[in-house]
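Q: Just dropping this structure here.
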Amino acid sequence: MVNIKEQWDFHFSEPILGIEIGDVSNNGQNEIIGFSNSGKLIFISLNGKKITELEVSENSSIWQAKICDLDRDNKNGIILGGLDGLLKTFKCNSSYELQPFWAHQFGASISGFLYSDVTGDGNEEILAYSIDKSIRCLNPHDGTLIWGQIFEEGIGSAILWQDPTNSSEKEVIACGNDGTIRNFKGKSGELNWFKRFNDKIRCVSSIKSNTKEMIICGGDDKKLHVIDKNTQEVLNTLQFDDFVWKCASFMFEGKSYLLVSTYSFIYFDDSNKIENIEFSSKVLCLDTQLEKKWEIDNINLECFLQAEIFSNNYFIIGTTKGKILIIDAGTGNIFAEINKISCVNDIKYDSESNILISCHDNGSIFAYFIGNS
């Protein structure tokens, strides 16, 4: 069982779209960076004190940030991607001054990026994908292109798949607004196969049953599709009432499961006050046979993470209505609930300090200490 105590709150003048935790200044202590709707970075200490505020993308939203060692010099840098289509990297000194490292220009907004060993050579690369229809594998040392591929429309999500019998064999599986799932060799970017559906695909994941490697995807056709990775045959399809928004595989007690969320845009109608809406969307857990293990109804999920807290596995979920739930990954039981007034844009958990951080559309950032009751 967990208990939660709010530690501090911080308020900014515009929406905070995401947060990262790491030793960005390389002083041996973690900091929080928040990235904003107008392209600002806000540096905050773990005790909630504002360190500095920097404008890095003038009037252009930052969607994603990553704190990591870009050039293996044992010093962290920052990767930023957002609306302006410019993938930016910086080094940061002990005075929190950013020094531009390199930048790589896309033709439109960057949907997201991964920092991982894409090519299977034992070193990390950056895999970034964009609304400009391209997915690119970049050298993190200097931003040079290793390989690139093009879809017919913008790309919304991508994952990295590793051959269970050969750790150096990696594949990239990406989904697009053109309704396609495409599989590329991680080393060269060569297209292995693609499959087309009738509408935009928003999420993709993979899961292994006893006999098959399966690709899971879903989107605006309100269906979850299960594909045999080797033959590309559609093995199963589940129908939902709302868009399939996110899907992610996870392990629990040695078995594979799938977390799936659906999403409703009903709150876009200004005549509906969000506090009065009962969302039809849901979060559910499926086993490898697509049998439902648990389900939570009337949840419009915005963000989630899986965390091990006191040797137990939990999902921490942030919602459109501003609610944060801590859910037992195995049973779906809700162990803790936090209610705020604004949409949760991102959540992060620092296991060293047992601190949970959330950021919201009204510019708020909250920190909670998670204790063991």
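Q: Collect the residues in region 20-50 that are under 20 Å from THR89 (Cβ atoms), in a strand (DSSP E or B) and not basic (Lys, Arg), keeping them in residue-number order.
A: GLU20, ILE21, GLY22, GLU31, ILE32, ILE33, GLY34, PHE35, SER36, LEU41, ILE42, PHE43
Q: While we're on this one: Would you tally the residues in region 132-159 being touching a His at 6+ places or on another chain (Cβ under 9 Å) and assigned to a loop (DSSP other than H, G, I, E, B)? Talk me through it step by step, then tell me what you get.
A: Looking only at region 132-159, we keep the residues that are touching a His at 6+ places or on another chain (Cβ under 9 Å), and these are 136, 138, 143-145.
Of the ones still in play, those that are also assigned to a loop (DSSP other than H, G, I, E, B) are 143-144.
Result for region 132-159: 2.
Q: Okay, next question. Residues that are of a type outside the set (S, T, N, Q) and out of contact with any strand residue (DSSP E or B) (no Cβ under 9 Å at 6 or more places or on another chain): does region 226-233 have at least one? First the steps, then the outcome.
A: Within region 226-233, the subset of a type outside the set (S, T, N, Q) is 226-229, 233.
Among the residues that remain, those that are also out of contact with any strand residue (DSSP E or B) (no Cβ under 9 Å at 6 or more places or on another chain) are: none.
Within region 226-233 (the criterion being of a type outside the set (S, T, N, Q) and out of contact with any strand residue (DSSP E or B) (no Cβ under 9 Å at 6 or more places or on another chain)), the answer is no, since none of the residues qualifies.
Q: Please specify each residue of region 100-121 satisfying the condition of being in contact (Cβ under 8 Å) with a residue 60 or more places away in the chain and among the β-branched types (Val, Ile, Thr).
A: Hits for region 100-121 are VAL118, THR119.
Q: Give just the number: which of (1) in contact with an Asp or Glu (Cβ under 7 Å, 6 or more places away or on another chain); (2) surrounded by 21 or more Cβ atoms within 10 Å (Cβ to Cβ) does HIS225 not satisfy?
A: (1)
Q: Further question on the same structure: Before we move on, is GLY332 out of contact with any Pro (no Cβ under 8 Å at 6 or more places or on another chain), modelled with pLDDT of 95 or more and either of a type in the set (Val, Ile, Thr) or surrounded by 20 or more Cβ atoms within 10 Å (Cβ to Cβ) (or both)?
A: Numbers: out of contact with any Pro (no Cβ under 8 Å at 6 or more places or on another chain): yes; modelled with pLDDT of 95 or more: yes; either of a type in the set (Val, Ile, Thr) or surrounded by 20 or more Cβ atoms within 10 Å (Cβ to Cβ) (or both): no.
Against the criterion (out of contact with any Pro (no Cβ under 8 Å at 6 or more places or on another chain), modelled with pLDDT of 95 or more and either of a type in the set (Val, Ile, Thr) or surrounded by 20 or more Cβ atoms within 10 Å (Cβ to Cβ) (or both)), GLY332 does not qualify.
Q: Within region 313-357, count every residue that is over 20 Å from ASN47 (Cα atoms), polar (S, T, N, Q) and free of Cβ contacts under 8 Å to residues at least 60 places away in the same chain.
A: Count: 6.
Q: Among the residues of region 156-176, write down those that are closer than 12 Å to LYS229 by Cβ and either surrounded by fewer than 16 Cβ atoms within 10 Å (Cβ to Cβ) or more than 22 Å from the chain's Cα centre (by Cα) (or both).
A: Selection gives ASP163, PRO164.
Q: Hey, can you tell me all the residues within region 88-118 that are part of a loop (DSSP other than H, G, I, E, B) and surrounded by 22 or more Cβ atoms within 10 Å (Cβ to Cβ)? Before you say what the answer is, go through the steps one by one.
A: From region 88-118, those part of a loop (DSSP other than H, G, I, E, B) are 93-97, 106-109, 117-118; that's our starting set.
Answer for region 88-118, where residues must be part of a loop (DSSP other than H, G, I, E, B) and surrounded by 22 or more Cβ atoms within 10 Å (Cβ to Cβ): just VAL118.
Q: Answer with yes or no whether THR52 is closer than 26 Å to TRP161 by Cα, modelled with pLDDT of 95 or more and out of contact with any helix residue (DSSP H, G or I) (no Cβ under 7 Å at 6 or more places or on another chain). Outline the logic, then answer.
A: Working: closer than 26 Å to TRP161 by Cα: no; modelled with pLDDT of 95 or more: yes; out of contact with any helix residue (DSSP H, G or I) (no Cβ under 7 Å at 6 or more places or on another chain): yes.
Spelling it out, it is not the case that THR52 is closer than 26 Å to TRP161 by Cα, modelled with pLDDT of 95 or more and out of contact with any helix residue (DSSP H, G or I) (no Cβ under 7 Å at 6 or more places or on another chain).
Q: Residues of region 304-329 being touching a helix residue (DSSP H, G or I) at 6+ places or on another chain (Cβ under 8 Å) and either surrounded by fewer than 16 Cβ atoms within 10 Å (Cβ to Cβ) or polar (S, T, N, Q) (or both), which ones?
A: Within region 304-329, the subset touching a helix residue (DSSP H, G or I) at 6+ places or on another chain (Cβ under 8 Å) is 320-321.
Matches in region 304-329: THR320 only.
Q: Scan region 55-98 residue by residue and report those that are among the hydrophobic types (A, V, I, L, M, F, W, C), within 20 Å of LEU17 (Cα to Cα) and touching a His at 6+ places or on another chain (Cβ under 9 Å).
A: LEU86, LEU87
The rows are residues; the columns are (1) crowded, with 19+ Cβ neighbours inside 10 Å; (2) more than 30 Å from ALA336 (Cβ to Cβ).
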| site | (1), (2) |
| --- | --- |
| ILE4 | no, no |
| ILE32 | yes, no |
| GLY39 | yes, yes |
| ASN47 | no, no |
| LEU86 | no, yes |
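Q: Please work out which residue is surrounded by the fewest Cβ atoms within 10 Å (Cβ to Cβ), limiting yourself to region 242-263 and to residues that are among the charged types (D, E, K, R) and more than 17 Å from ILE327 (Cβ to Cβ).
A: Looking at the filtered set, the residue picked out is LYS255.
Q: Is one or more of the residues making up region 138-147 under 22 Å from the mean Cα position of the chain (by Cα) and over 15 Å from GLY85 (Cβ atoms)?
A: Checking region 138-147: at least one residue is under 22 Å from the mean Cα position of the chain (by Cα) and over 15 Å from GLY85 (Cβ atoms).
Q: With respect to THR180, determine if the residue is out of contact with any Ser or Thr (no Cβ under 8 Å at 6 or more places or on another chain) and modelled with pLDDT of 95 or more.
A: Values: out of contact with any Ser or Thr (no Cβ under 8 Å at 6 or more places or on another chain): yes; modelled with pLDDT of 95 or more: yes.
Yes, satisfied.
The values are calculated or read from the model by the stated rules, or taken from the named source; none is laboratory data. The structure displayed is predicted, hence computed values, not measured ones. Glycine also receives a Cβ, built like all others from the backbone with ideal geometry; neighbour counts cover every protein chain displayed.
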